[in-house]
1. List the pairs whose first member sits in region 56-81 and is closer than 20 Å to Glu246 by Cα and in contact (Cβ under 8 Å) with a residue 24 or more places away in the chain, whose second member is in a loop (DSSP other than H, G, I, E, B) and near ligand 1 (Cβ under 10 Å from one of its atoms), and whose Cβ atoms are under 7 Å apart, counting only residues at least 6 apart or on separate chains?
2. Could you pull out the residue among Pro22, Pro59 that is at negative phi and touching a helix residue (DSSP H, G or I) at 6+ places or on another chain (Cβ under 8 Å)?
3. Between a first residue in region 383-404 that is in contact (Cβ under 8 Å) with a residue 12 or more places away in the chain and a second residue that is surrounded by fewer than 16 Cβ atoms within 10 Å (Cβ to Cβ) and in a helix (DSSP H, G or I), which pairs have beta carbons less than 6 Å apart while being 6 or more apart in sequence or on different chains?
4. Anything in region 240-277 that is of a type in the set (Gly, Ala, Ser), assigned to a helix (DSSP H, G or I) and surrounded by fewer than 21 Cβ atoms within 10 Å (Cβ to Cβ)? List them, or say none.
5. What are the pairs with Cβ atoms under 6 angstrom where one residue, in region 320-333, is small (Gly, Ala, Ser) and the other, located anywhere, is buried (at least 19 other Cβ atoms within 10 Å of the Cβ)? Sequence gap at least six, or different chains.
6. If a residue counts only when it is under 31 Å from the mean Cα position of the chain (by Cα), which helices (runs of 4 or more DSSP H) contained entirely in region 500-585 have at least 1 such residues?
7. Given the criterion more than 8 Å from ligand 1 (Cβ to nearest atom), acidic (Asp, Glu) and not in a loop (DSSP other than H, G, I, E, B), identify the matching residue among Asp73, Asp78.
8. Restricting the search to region 669-694, which residues are without any contact (Cβ under 8 Å) to a residue 12 or more places away in the chain, over 17 Å from Arg653 (Cα atoms) and not in a loop (DSSP other than H, G, I, E, B)?
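The values are calculated or read from the model by the stated rules, or taken from the named source; none is laboratory data. Since the model is a prediction, treat every value here as computed from it, not as a measurement. Cβ placement follows ideal geometry from the backbone for every residue including glycine, while neighbour counts extend to all protein chains displayed.
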Amino acid sequence: MSQAVSWQTQDGVMIVTIDNPPVNALGAEVRQGLWDAIGAAEDPGVKAVVIHAAGRTFPAGADIREFGKPPADPWLPDLCNRIEACDKLVVAALHGTALGGGFEVALACHTRIALASAKVGFPEVNLGILPGAGGTQRAPRLCGAQEALTLMIEGKPIDAPTAMAMGLIDGVVEEDLLEQAILLAGMLVEEGKPLRRSGECRDGFRDPIGYEAAIRAARAVKRDPNLPAPGRIIDCVEAALLLPFENGLGYERAAFEDLVASEASAGLRHAFLSERRAGHIPEAHATPREIAQAGVVGGGLMGAGIATALLGAGLHVTLVEADRERLAAGLGRIDDLHERAVKRGRLSADAREAEWDRLGGTTDLAGLGAADLVIEAVTEDEALKAGVFRDLDRVMKPGAVLATNTSYLDVDDLARVTDRPADVVGLHFFSPVQAMRLVEVVAAAKTAPEVVATGFALAKRLGKVAVRAGVCDGFIGNRMLTAYRMAADILLEEGAAPAEVDAAMRDFGFAMGPYQVADMAGLDISWARRKRLADSRDPAQRYVAIADRLCEAGRFGQKTGAGYYRYAEGSRTPEEDPAVADILQAERSARGIEPRRFGKVEIRQRCLFAMVNEGAKILAEGIALRPSDIDVVMLAGYGFPRWRGGPMKAADRLGILQVRNALRGWAADEPFWTPAPMLNDMIKNGRHFDDMNAEEAQKS
Ligand code: T1G
Ligand code: NAD
């Protein structure tokens, strides 16, 4: 018996309790405890075994933190086989989220009973792997190929009643799960029926033609070639039908080991843990403030999106606009977002009604007097925002949180115009708000810990991933984007075409290259910003004026039918435009640059290494707490390919020495590429960015 697994027998039923917070992950100690419990069940006094878990959930899977380390005995597949082979009835009692290895343990038990509120599933594909403890062999035997494939390839959990209808669990109860499981065990022992072992079950094979058809249909789906897990899942589910159970388990194990060792899985596991780690902030001990009533100032693209998200989280929202006409437009945008959500089945008509009832609008900031929080999202203009903050300071109640959604402006400056700088924080959402998961919580110099904690709590409530950022130009994300764009712009100026750069970055795994993204977002917004900053620009720094030339030609992107590409009427498909090639050539001649060819690999490296280099500077300045936070920002806010884990993770994989040396080589011609001092220190000390993540984890 161990801390993590204990058992006691009452009336012949051995009750095994797993207790390994926070999610009863099946780490080595839990596996050993369960292994020993099944051994102890050989006691003649034991007639049946009930396995359940304490805390919030039945095991939510294998312990993801153990991956990549030498596996400790007993292995999970062996444990599942031991449970299944037990000659005493073993009942699994499921609550919370029985996922991955946790659900596989349940499938190895002879009978499964669950709370109606429980969820089960196979999320392994989200980690670039597959159910590697018999799930691909036992589940199809119970529910057939179609259901098993959907569960494993989509990786989404299902509720208990649905799982029961599929034949994956045997009973659903509303309450008293453990008592009900003990009763059921006693009853089944009474009945003396033969134990039902999933590995021997053939219910799912009743229609072998249909089974094979489901396999073929799944194979026919076009999938991301960088993500091999779905294809291997299909192979394993097919093997379940074609191979004897033991051989099928071996087949699954081989596929599992291949995938665990893959770059994609390492990246996806890093992404999973990094998103959780991002919540480990110095302010985690502080108590967030209660937020029930919120105000949003500015009902444009961002303000309307933010207001809709707040309504979706159950808050009362007051939208403030500059005048009645723009207020109506702002409320109209929220209504459009609701309309779209209803059309897509993401919002019911009743919920829409309820949200609308919690929405108010005004052109008077004083209308926010009772609000617990305000998020300012007016036009990106320093003087305008400062004026709004001065007014908010006057009208907001004591203890209210004053947040800004600014993309680039100095949050300390905005705090300084108020008498309550401790209540001022940056909450930087991303467009479109309903789709982008990221919120940068910008902690200004005087922001109180509980105000930062409030930002994180709000982000979690909105279903977003929050990352803590310090104050600097562009915080973490836009600063990384600026470096990425600068690298790409230098490539253009030195001979590459926008289509070449975009193709190379799509190859790298981005859904779109930087110039497709620029044309979609509109070139005019950043042009306005460049013009605003022109006087303060450092003349020593290289400035690529290609974008200015395009804007001067009225090419603002998709919205004007031309930008880095041209777009046919009503189309969003980029077409290469000779006019752009002319503008590029004119710029090169003006700067005396002899254009040259760039291969895909070099384009990718220059863009990636520019991000890594900027990331190292951001870390050195303490703007980000840890490298994995930068990875989370780029994954959740900028479309960086999730299976790569993020730029800092990708740099670790490539080798810091290679990154630094390439930068150093390019810096000979262009100071922009000068390696950040941190990279040199890391090489000197043999360190990786992941070492810094681990150290940070120790501290928090
Ligand atoms: N291993 C280790 N730690 C885990 C974990 C896991 N499987 N799941 C969660 N945690 C930690 C997480 O890092 C965080 O830590 C805390 O628990 C709360 O998590 C052979 C090989 C269960 C739905 O993929 O989907 O089984 O920050 O913030 O929002 O086939 O966590 O507090 O220090 O996410 O309420 C398959 C992953 C593994 C499920 C709860 N299982 N987990 O969500 O809390 S692979 C998964 C989740 C496998 C076998 C294979 C969610 C959750 P900290 P949280 P939440
Ligand atoms: P927008 O132009 O769509 O909306 C700004 C709104 O502010 C307009 O509706 C305008 O009427 C309103 N407004 C102006 N002065 C006001 C006042 N005194 N009181 C009330 N409302 C006023 O701009 P946007 O794209 O929604 O950007 C808003 C803010 O969000 C900016 O700071 C921007 O940098 C930031 N941001 C934008 C994006 C993006 O992708 N667009 C992403 C993140 C952050």
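1. Leu76/Leu26; Leu76/Ala62; Leu76/Ala133; Pro77/Gly132; Pro77/Ala133; Pro77/Gly134; Cys80/Ala133; Cys80/Gly134
2. Unique residue meeting the criteria: Pro59.
3. Hits for this filter: Val395/Ala366.
4. Gly250, Ala254
5. Note: pairs meeting the criteria are Gly330/Gly299; Gly330/Ala304; Gly330/Leu319; Gly330/Glu321.
6. 514-521, 523-533
7. Asp78
8. Residues satisfying the conditions are Asp681, Lys684.
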